[in-house]
Amino acid sequence: MKTPRFPSALAAGATLLVMSAFTYGEDSHFKHHTVGVFLGDSDERSGGDHFTVGVEYEYKFNPKFGAGVVFETTDGAHDGDGVSVGLAALYYHPYAGWRLGAGLGTEKIHGSHGGYESLYRVGVAYDFHVGKFGIAPDVSLDRVDGENILVYGLVFSYGF
C-alpha cells in the first residue's frame, strides 16, 4: 500500500497561499468564458501516480460564480487499463485569482476492467494572468468507489 503524500499536498497549498500575496489586488479584467488545458498527475492511493491530461471550460455568470465541464484522461490508471473522467462543476471565486470548485461526474474505466463509476470532486486553484492568458496550479480531490484520488497539476487557460 502506498503512503499518502500529505506533505506534498500541504506544500502545494502553502505555495498557493504565498503566491496569492503577489497578485491579490490585480485587475482581473473579467471574462465570461475560460477554456483550459490541464497537465498533471493523479495519485491513486492503491495504484500509484499516473500522468493526467485534460480540457476544461468555465462560464462565469459574474466575477464570483461560474459553472463548467472537465474532461480528463489518465493512461495507466486502474491496473493499467486507463480511465477517462467527465464532470460538471460549480465554481466560486472568493478573491482575485482564487477558484474553489465542486463537481460530479463519471469515471469510465477502459480495457478488461471496463465500466463506469460515479465521481465527486472538490478542488482549489489559483490563476496567474497575463492579459487573456492564465496559468493556475490546481489541486483536486476525487472520490470514486470509496477511494480518494488526488489530482494536481497546472491549467493553462485563455479567457474571452
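Extension gain, ASP145 to VAL69: 0.36 nm times the residue separation minus the Cα-Cα distance gives 25.3 nm. Scaling against 2.2 N^0.38 Å puts the C-alpha radius of gyration of the range 67-114 at 1.46. Solvent exposure of the range 89-160 amounts to 50 Å² per residue of accessible area, where only protein heavy atoms count and the probe is 1.4 Å. Shape index of the range 27-160: Rg/Rh, with Rg the Cα radius of gyration and Rh the Kirkwood radius from the inverse mean 1/r over Cα pairs, equals 0.99. With the simple model of a label 7 Å out from the Cα in the direction of the Cβ, VAL35 to PHE51 spans 2.3 nm.
Modelled this way, with points 7 Å down the Cα-to-C-beta line, the labels at TYR95 and GLU117 are 3.6 nm from one another. Using a probe of 1.4 Å, the accessible surface attributed to ILE149 totals some 20 Å² when neighbouring protein chains are kept in position. Available extension along the chain between PHE160 and TYR59 is 35.4 nm, counting 0.36 nm per residue and deducting the alpha carbon span.
Counting protein heavy atoms only, the range 87-160 has 65 percent of its accessible area on carbon and sulfur, 1.4 angstrom probe.
The values are calculated or read from the model by the stated rules, or taken from the named source; none is laboratory data. All figures in this text were calculated on a predicted structure; none of them were measured in a lab. Here the Cβ is made from the backbone with ideal geometry for all residues, glycine too, and neighbour counts use every protein chain on show. When the accessible area is computed, the model is the full protein with side chains, heavy atoms only, and any ligands, DNA or RNA have been set aside. Shrake-Rupley method; radii C 1.70, N 1.55, O 1.52, S 1.80 Å.
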